[in-house]
Amino acid sequence: MSRTWLIYGRWMRDRRRSTLLWSVGITLVSVATAAFYPSLRSTAQSFGEGSTMSSVLGLGEGVDPSTPVGFLWAFNYSNQLPWLLMALGIALGTASIAGDEGDGTLEYLLAKPVTRTEIAFARFGGMITVLVVASIVNLVGVAVTMPLFDLADSTTVTALDGTTSTAAGATVGDLFVGGLSALAVGLGSGAVAYLVGAATGRRGVALGVASGFAVAGYVLYTLANVTGDYEWLTWFSPWRWFIDDAMMVDGLTLDILWPVLLAAGSLLVGWQLFLRRDLQR
Amino acid sequence: MTVIEAVALTKKWGDFVAVDSLDLSVAEGECYAFLGRNGAGKSTTARMLLDFIRPSSGVARVLGGSGRDPGVRARIGYLPGDLDLPKSITGSEAIHYFGSIGRTPDQAEVDGLVERLGMNLDRPFHQLSTGSRRKVGLVLAFMNDPELLILDEPTSGLDPVLQETFRDLVAERKARGATVWLTSHVMSDVEHVADRVGLIDEGHLAQELSMDELRRQTTGEIKLTFPTPPDPTAFDRVPDVSEVHVDGVELTLHVDGPVTAVLARAAELGAVGIRTRQRELEDIFLETYADREPER
């Protein structure tokens, strides 16, 4: 077995419990939110009134929160789920190099015949794996329980102007697309933490910069939507493509590649900077 | 063959110079003790040898190559001053994991080390005491039959029996041709295992001496025993004698030159016993750092 696999395997093994807890926690939040659909669907349309709430709930044009897919998007997949996956991603991205470096475990590993390159790629792979596992558990959890909450059934929707239409129930495909786009956001944020941690070896800096990136991006996006000012700045926010595109409702777009590109860039830059610097102690 | 070689090795962080133009050479099969006060630059030197940190200038060569080369590190057994392993890893998992990464250890060798050090194989690392963690570190450092051992405070936290076991292990590895580079504040350890000692002070190599040289040195202190309490002024006219003290039938003096005249005078006075105190490593350590501030 290659050393990269051994390092990856050990890192995953050390995170068995936390991966399980995060996966179960995220899934419980999703299932608990889904359980409110029967009682909220009749009033869900009113939640999106006002530009602030509309922005927070990701209620762009054509998104009706009283439909099964619109409800899941507005009340979980556009906010709670990506936030949780971002938090997980940032925690993992910070731990992958800077966290272990701060704990002193990275230095001992590097006393063995392994290269920094092997560690950099093994840890990045570990971060992706945990995020994917948590996303899959969430997908399965929501897919299995959603029939209990009428989310899999077609429903008749009455618009504000009184017209009625039939909305299809949520499918596993919808959950997959919603989960995939949320996973991409989590990965992008985790990659920022990874990059800063690999470049500096400082856990606090990695955590702070990546969290700031996530929170400031969200605040910036919401404020710009509400006020109409500084709209151009929202291009620097990961939420712009994520919420504007509402992929769970409208389908996948190429914009999902932005966080993937951010992750790939962070890996390459972080790896190169990690190769060139002193380990912190 | 030179196993460790440092040429004008320097490490600076801003204005702070941790290691300053260090020249060092350790031969194959030698046990070299690198001593100094806390913050003197010992661990920084070790970290440069292993490529954890890069020199600001100068060169560090290990086993004929660079510590950056995994092939070189495969031949090194390392014990850091503070061993940190993943919290949940057990002793047996650590042996398996690090053994898989490096040279595959001989199982009989591992079993022997575990037994001699009394290492706990089943408890997670974070539940182990300081001494037990040290045992894990020693097993991991010695198990791959390394050609070079870099040991930072190896006996810190070990009881006297295990300290003795450690000394035996070093002697055995040396007998197999391994080179040992260690730091320690336990002078008795160093005196037992080292062939040569380097004292580093504020990043400089202040002094280097072999243990053979050390053993040949005496402090200049002579203790004479007489049948009856001697006169403290009896050695006043003997050249180079100072610090004469009498305690009962014992007279202690310090001679800073040839002892012939002292011995002649002692015989004349009817001395029945004589002892000289050998200079110990601790004396040299204390002399070297006598005028230094407590700790940087």
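Rule-based calculations on the coordinates, nothing more; no lab input. None of the values given here were measured: they were computed from a predicted structure. Here the Cβ is made from the backbone with ideal geometry for all residues, glycine too, and neighbour counts use every protein chain on show.
The figures follow:
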{"quantity": "Size of electric dipole in chain B: Cβ of Lys, Arg +1 and of Asp, Glu -1, about Cα centre, debye, nearest 20", "calculated": "880"}
{"quantity": "Dipole magnitude (debye, nearest 20) for the range A:3-276, charges at Cβ of Lys, Arg, Asp, Glu", "calculated": "1500"}
{"quantity": "Contour excess over end-to-end distance, with Cα ends at B:LEU269 and B:ASP236 and 0.36 nm allotted per residue", "calculated": "10.6 nm"}
{"quantity": "Choice from B:LEU253, B:LEU149, B:LEU128 showing the highest fluctuation, given a GNM over chain B with Cα pairs closer than 10 Å", "calculated": "B:LEU253"}
{"quantity": "Charge dipole (debye, nearest 20) of the protein assembly as shown; +1 at Cβ of Lys and Arg, -1 at Cβ of Asp and Glu", "calculated": "1040"}
{"quantity": "Nitroxide proxy distance, nm - points 7 Å out along Cα→Cβ at B:THR260 and A:VAL24", "calculated": "8.8"}
{"quantity": "Pair A:ARG276, A:SER154: separation of 7 Å Cα→Cβ label points (nm)", "calculated": "6.0"}
{"quantity": "Other protein chain Cβ atoms within 10 Å, averaged over every residue that makes up A:102-109", "calculated": "6"}
{"quantity": "Spacing of the two label points (7 Å from each Cα toward its C-beta) at B:GLU250 and A:VAL226, in nm", "calculated": "8.5"}
{"quantity": "The range B:1-68 versus the range A:192-259: alpha-carbon centroid distance in Å", "calculated": "44"}
{"quantity": "Within chain A, helix-based [θ] at 222 nm, where runs of 4 or more DSSP H residues each add -39,500 (n - 2.57), nearest 500", "calculated": "-21500 deg cm²/dmol"}
{"quantity": "Over 28 Å (Cα to Cα) - which of A:LYS112/B:LYS135; B:LYS11/B:LYS174; B:LYS42/B:LYS174; B:LYS12/B:LYS87; B:LYS135/B:LYS174 fall in this group", "calculated": "B:LYS11/B:LYS174; B:LYS12/B:LYS87"}
{"quantity": "Fluctuation leader among A:ALA191, A:ALA91, A:ALA167 - chain A, Gaussian network, Cα springs under 10 angstrom", "calculated": "A:ALA167"}
{"quantity": "Average other protein chain Cβ within 10 Å of Cβ, residues B:66-75", "calculated": "3"}
{"quantity": "Inter-centroid distance (Cα atoms) of the range B:122-184 relative to the range B:200-255, Å", "calculated": "36"}
{"quantity": "Positive-end residue of B:ALA290, B:VAL246, B:GLY273, charge dipole of chain B with Cβ unit charges", "calculated": "B:ALA290"}
{"quantity": "Farthest toward positive dipole pole in chain B [+1 Lys/Arg, -1 Asp/Glu at C-beta], among B:THR165, B:GLY29, B:GLY112", "calculated": "B:GLY112"}
{"quantity": "Förster radius 22 Å - calculated FRET efficiency between A:ALA35 and A:LEU233 (Cβ-Cβ, nearest 0.05)", "calculated": "0.05"}
{"quantity": "Convex hull volume per residue for the protein assembly as shown, taking Cα atoms only, in Å³", "calculated": "199"}
{"quantity": "Charge dipole of chain A about the Cα centre (unit charges at C-beta), most positive-ward option of A:VAL219, A:GLN80, A:GLY126", "calculated": "A:GLY126"}
{"quantity": "Most mobile of B:LEU35, B:LEU205, B:LEU85 in a GNM of chain B (Cα contacts under 10 Å)", "calculated": "B:LEU85"}
{"quantity": "Counting DSSP beta bridges with both ends in chain B, the antiparallel % (nearest 5)", "calculated": "70"}
{"quantity": "Taking all pairs of distinct alpha-carbon atoms in chain B, Kirkwood radius in angstrom", "calculated": "21.6"}
{"quantity": "Estimated 222 nm signal from helices in chain B, with DSSP H stretches of n ≥ 4 weighted -39500 (n - 2.57), rounded to 500", "calculated": "-9000 deg cm²/dmol"}
{"quantity": "Cα-based Rg / Dmax (Å) for the range A:3-276", "calculated": "20.0, 71"}
{"quantity": "Rounded to 5, the percent of DSSP beta bridges in the protein assembly as shown classed as antiparallel", "calculated": "70"}
{"quantity": "For the range A:190-281, the spread of Cα positions along each principal axis, largest first, Å", "calculated": "45, 27, 19"}
{"quantity": "Whole-number D in µm² s⁻¹ for the range B:218-278, Kirkwood Cα-pair radius fed into Stokes-Einstein, 25 °C, 0.890 mPa s", "calculated": "218"}
